[in-house]
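Some notes on the structure that comes next.
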Amino acid sequence: MRLIIEKDYDSVCRWAAQYIMNRINAAPSFVLGLPTGSSPLGVYRELSAYNREGKISFKKVTTFNMDEYIGLPADHPQSYHYFMEENFFKHIDIDRNNVHILDGIAADPVAECRAYEDAILKAGGIDLFLGGMGADGHLAFNEPGSSLSSRTRIKTLTPGTRIANARFFGGDMEKVPSTALTVGIGTVMDARELLILASGYAKARALQAAIEEGLNHIWPLSCLQMHPRAIIVCDEEATDELRVGTVRYFKETESAYRVSN
Ligand code: GLP
């Protein structure tokens, strides 16, 4: 696992956006997994700017989003369909036929999840999955205790996640749907590369558990330890619970890496 420690949120986003741009420019028919939440907003802003400036094209890129609330139609302002359109897709030259997001109002959610896994396979698998992390270490909507080999399915959200996401629903936790469709940990792990963003003190405990503690379903993000190509990009604040020696180790490793590349 690589841990990239940047000064602040903006530099985290710049690093991640440049990394993704380089990958897509090297292989334009790229299959990209995408998250929602506050963490990726800066990455979407940077990538949109690169697109406007002609540095990258998304015309051949296929995307798969991580999750969607059950019960929210695509035009609901808090749906992840709406989020993606507003914050990313309407700013770039992506072909909407290549965009995949789980349907939160599917008549048969189980069939919807199965079809999603099939669509990922048909696209040749995900090249890079960009992700954020919950303060409790959740990945997509794989809450603590999720099977580390889970596939796309229905999940019940924990009160902690509903409280954290209430900020998007006028601060009212009761308005946050209690269930969601989400890719599984196994689905994310199948991606050829993982790039996870962590910013701020609120993510410090989850980051520490994912990096310094063992593989454990209570901290779903610890699954990264099993992935052959996982990168976490974080800011200084998010490292607050890591040991001094751990931070130094990863900083030294990265500067050695930069010198040799
Ligand atoms: C939600 C999403 C996750 C995201 C998490 C953290 O629960 N389902 O994919 O990583 O929020 O969000 P934020 O980046 O806003 O802290």
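The values are calculated or read from the model by the stated rules, or taken from the named source; none is laboratory data. Model, not experiment: these values are computed from the prediction. Every residue, glycine as well, gets a Cβ built from its backbone with ideal geometry; the counts of neighbours run over all protein chains shown. Heavy atoms of the whole protein, side chains included, go into the accessibility calculation; ligands, DNA and RNA do not. Shrake-Rupley method; radii C 1.70, N 1.55, O 1.52, S 1.80 Å.
Structural remarks
- Rounded to the nearest 20, the Cβ-based charge dipole of the chain about its Cα centre (Lys and Arg +1, Asp and Glu -1) stands at 540 debye.
- Applying a DSSP loop filter and a limit of 11 other Cβ atoms within 10 Å to the chymotrypsin sites (Phe, Trp or Tyr not before Pro) in the range 153-214 leaves nothing.
- Solvent-accessible surface of protein heavy atoms, probed at 1.4 angstrom with all chains present, puts Arg162, Arg114 in the order Arg114, Arg162, largest first.
- Rg ratio (alpha-carbon, reference 2.2 N^0.38 Å) - the range 198-249: 1.06
- Since only Ser199, Ser147, Val233 are under comparison, the one whose Cα sits farthest along the positive direction of the charge dipole of the range 145-246, derived from C-beta charges on Lys, Arg, Asp and Glu, is Ser147.
- Rolling a 1.4 angstrom probe over the range 49-175 with all protein chains present gives an accessible area of which 54% lies on carbon and sulfur atoms.
- In this structure, the residue pairs whose Cα-Cα separation is over 18 Å, taken from Lys60/Lys122; Lys59/Lys90; Lys90/Lys203; Lys7/Lys203, are Lys90/Lys203.
- Mean projected area of the Cα convex hull of the chain, taken over all directions, amounts to 13.1 nm².
- For the range 191-249 versus the range 128-172, the inter-centroid distance based on Cα atoms is 16 Å.
- Rounded to the nearest 500, the 222 nm mean residue ellipticity of the chain from helices alone is -10500 deg cm²/dmol, with -39,500 (n - 2.57) taken per DSSP H run of at least 4 residues.
- Reachable aspartates and glutamates, given that their alpha-carbon falls under 13 Å from the alpha-carbon of Lys155 and they are not under 8 places away in the same chain: Asp67, Glu68, Glu143
- Rounded to two decimals, the Cα radius of gyration of the range 10-107 over 2.2 N^0.38 Å is 1.06.
- Debye log10 I(q)/I(0) for the range 114-181, one point scatterer per Cα, at q = 0.13, 0.18 Å⁻¹: -0.45, -0.79
- For the options Glu117, Glu86, Glu68, a Gaussian network treatment of the chain with springs between C-alpha atoms closer than 10 Å singles out Glu86 as fluctuating the most.
- The antiparallel fraction among DSSP beta bridges confined to the chain stands at about 25%.
- Loop-located trypsin sites (Lys or Arg not before Pro) in the range 1-102 (DSSP state not H, G, I, E or B) with no more than 15 neighbouring Cβ atoms inside 10 Å: Lys7, Lys55, Lys59, Lys60.
- Take the chain with all the other protein chains still there, run a 1.4 Å probe, and you get 44 Å² of accessible area per residue.
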